[in-house]
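Here's the structure, in structure tokens; my notes come after.
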Amino acid sequence: MPHLVIELTENTRLNCSQEELLDEANAALLASGQFQEADIKSRCITLSTYRQGVDAVERAFVHARLSILDGRDSAVRQALAQAVCDVIAEAVRAGSGTGQDVQVQVSVEVCEMARATYAKQVVA
């Protein structure tokens with residue numbers, strides 16, 4: 001905990017690798033002071049099949065889902081969402097100068113996992 005899943009359409013242009021995007025997102029989560037470094041888990045999933053809207057206009061999107069244990073107030077959850085959104089938006093913004101400018105929507109949701117039903121083991 002936390003688990004960060006970043007889904008991005010295959011036409012999303014980034015200014016960095018997906019690994020670097022995860023590094024930046026993890027650093028932002030660590031800087032929040034809410035999590036221990038080794039507990040931050042993240043991954044990117046590239047979507048090759050997707051739809052956005054109904055018009056035949058090329059668009060792209062990135063959606064991140066941050067799952068955290070319950071108990072944090074809405075201000076903390078909003079700050080976490082904004083921190084991840086800022087990291088992703090910067091990677092997209094800087095990557096959009098490739099000559100193939102496509103509008104990209106970036107969104108982040110914070111989901112709470114119930115502590116009462118969450119299990120974790122660290123196996124050495």
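The values are calculated or read from the model by the stated rules, or taken from the named source; none is laboratory data. Everything quoted here is computed from the prediction, not taken from an experiment. Glycine gets a Cβ as well: all are built from the backbone with ideal geometry, and neighbour counts include every protein chain shown.
Write out, first by first residue and then by second, each pair whose Cβ atoms fall under 9 Å of each other, whose residues are 6+ apart or on separate chains, and whose first residue, in the stretch 1-13, is under 18 Å from M113 (Cα atoms) and in a loop (DSSP other than H, G, I, E, B) while the second is small (G, A, S) and at pLDDT below 95.
Cβ pairs passing all conditions: none.
Out of all the residues in the stretch 53-76, which are part of a helix (DSSP H, G or I) and within 18 Å of N26 (Cβ to Cβ)?
V76, the sole residue that qualifies.
Let me confirm something: among A89, A114, which residue is surrounded by 12 or more Cβ atoms within 10 Å (Cβ to Cβ) and among the hydrophobic types (A, V, I, L, M, F, W, C)?
Result of the check over A89, A114: A89.
Give me the residue from the stretch 56-75 that is more than 23 Å from A91 (Cα to Cα) and not hydroxyl-bearing (S, T, Y) and, out of that set, farthest from the chain's Cα centre (by Cα).
Step by step, filter the stretch 56-75, then rank; the result is A56.
With respect to R13, determine if the residue is touching a helix residue (DSSP H, G or I) at 6+ places or on another chain (Cβ under 6 Å) and surrounded by 14 or more Cβ atoms within 10 Å (Cβ to Cβ).
Yes: the conditions hold for R13.
Among (1) on the phi > 0 side of the Ramachandran plot; (2) surrounded by 12 or more Cβ atoms within 10 Å (Cβ to Cβ); (3) not aliphatic (A, V, I, L, M), where does E24 come up short?
So the condition that E24 fails would be (1).
Given (1) at pLDDT below 95; (2) outside any loop (DSSP other than H, G, I, E, B); (3) buried (at least 18 other Cβ atoms within 10 Å of the Cβ); (4) not basic (K, R), identify the lone condition not met by A94.
Every condition holds for A94 apart from (3).
Could you tell me which of the residues V84, V108 is in a strand (DSSP E or B), of a type in the set (A, V, I, L, M, F, W, C), out of contact with any Pro (no Cβ under 7 Å at 6 or more places or on another chain) and within 22 Å of E10 (Cα to Cα)?
V108
Being free of Cβ contacts under 8 Å to residues at least 60 places away in the same chain and within 14 Å of S32 (Cα to Cα) is the filter here, so list the residues in the stretch 47-72 that pass it.
Correct list: R72 only.
When you check A27 against the structure, is it aliphatic (A, V, I, L, M) and more than 19 Å from M113 (Cβ to Cβ), yes or no?
Yes, satisfied.
Can you name the residue in the stretch 27-55 that is within 19 Å of S107 (Cβ to Cβ) and under 13 Å from the mean Cα position of the chain (by Cα) and, of all such residues, is surrounded by the most Cβ atoms within 10 Å (Cβ to Cβ)?
This residue is L29.
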